[in-house]
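Derivation of every value follows stated rules applied to the coordinates shown; laboratory data play no part. All values derive from a computational prediction rather than experimental measurement. So basically every Cβ, Gly included, is an ideal-geometry build from the backbone, and we count neighbours across all protein chains shown.
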Amino acid sequence: MFNKRDTSSAEPDRSTTEAPIRSSSERASAPSSPTKGAGAVIGPSIHIEGALKGDEDLLIEGKVKGTVELKKNSVTIGESGQVNADIFAHTIAVEGRLEGKLIASERVMIRKSAQIRGTIVAPRVTLEDGAQFNGSIDMDPETDALKNAFSAPAHPAARSEKTSGAPISGSADKQAANAPAKSLQ
Amino acid sequence: MLSAALSQGRGLHAPLFEQVIRGLDVDRRQVILDCGAARSGTIALLSTFRCRLDVLDLAAALPRLQRATDADERRDVLADCLDGPQQEPVQLVLCWNLLNYLQPSDIETLADLLAARLAAGARLHALMEYSSPLMPARPGHWVPDASGRLYADQPETEETPAPRYSPKALERLMPQFRPERSILLGNGLREHLFQLRSRANG
């Protein structure tokens, strides 16, 4: 009825029809594999502060503060994950706690266990009822935030820092440092 | 009870809600303020537009509002809900049924705070208890489907007296807004559509 925008790629109920990122519990129980896409895991006891960059999928079950840039990959914040960061990724799934910005070139999925305070920018967003969310959800595919993040190399330093895995650098990226200042309750 | 009826079946036909959604400009970026909690149906419906959705979750702030003892503290609670990182002007405010759960002075404060965030000509949509003297003790959620029909997600069985704000009372409490249309719905709710008055005209 209201389907005004060109949604040729959209499904009526995307929360159930999209190929999902596996939940953190599924990933945790899956056998580890060296194949591409198995991804890196930040375990529950790990606490990282700084800039994370890389070229593989990432599951965060620990605490991360700073910036996460995996622009061609997926990032999952697992149920035990506590993230205070800006995240740039192809696809982002949230099951845990997050304060900051989520900027995804493809989509963001918010699970019912998620607690989020911040800003989501992605052309496609799905949310399971029960999730706690405070902030903004920008679904405009033409928004400057999305263009700036993905259409050009946003971080000159990243070009000279071709890395794999999830290396940790010493300082958080300043470009995305305007995240909301409120803290999760 | 209202919610039980609406959580099943064909949902609530809310002509003014459908009107505002139908009226959104598909080619223009829209900023919509959702006074309720983020719900899957709302996001799915609005994702078909070039849209930014600001979520206040006023319902979550109601316990804090009820504990606040003076006017300044109550204003702070409401202002805190509206405090966001972005201040892009808003074209549409979705109040759902939440105004029923605010005291008259809180509605005045909210209208004042909202008006400062709105673009010229912005609209405000609300569902008000009108016929029934009772309403659910907590607001629950209203969730639209893809056709614009509204479904109540209301697990609450406890009831409380409904304030039954009249159209005139709302107009008095929200002088920043001009009543555009008001419709009494079949279930006893009254659906309201307001438009921000021109600032030049006061």
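Summary table below
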| quantity | calculated |
| --- | --- |
| Highest-first arrangement of B:175-183, B:149-157, A:135-143, where packing means the average Cβ count within 10 Å | A:135-143, B:149-157, B:175-183 |
| When region A:39-155 is reduced to its Cα atoms, the Kirkwood hydrodynamic radius in Å | 13.7 |
| Extension gain (nm, one decimal) between B:Asp145 and B:Arg64, 0.36 nm per residue minus Cα-Cα | 26.1 nm |
| Virtual spin-label span in nm between A:Ser45 and B:Arg197, 7 Å along Cα→Cβ | 6.5 |
| Nonlocal amide H pairs with B:Arg197, under 5 Å, H built at 1.01 Å | B:Phe177, B:Arg178 |
| Ranked A:His47, B:His192, criterion: other C-beta atoms within 10 Å, fewest first | A:His47, B:His192 |
| At least 18 Å along the helix axis (C-alpha) and Kyte average at least -0.5, DSSP helices within chain B | B:104-117 |
| Furthest towards positive pole of dipole, B:Pro139, B:His13, B:Leu78, structure part chain B, Cβ charges | B:His13 |
| Cα shape, chain B, gyration tensor, a/c 1.5 rule | rounded |
| Mean separation of Cα contacts under 8 Å, 6 or more apart, over the residue count of chain B: relative contact order % | 25 |
| Point-to-point label distance, B:Glu73-A:Asp55, nm (Cα→Cβ direction, 7 Å offset) | 5.8 |
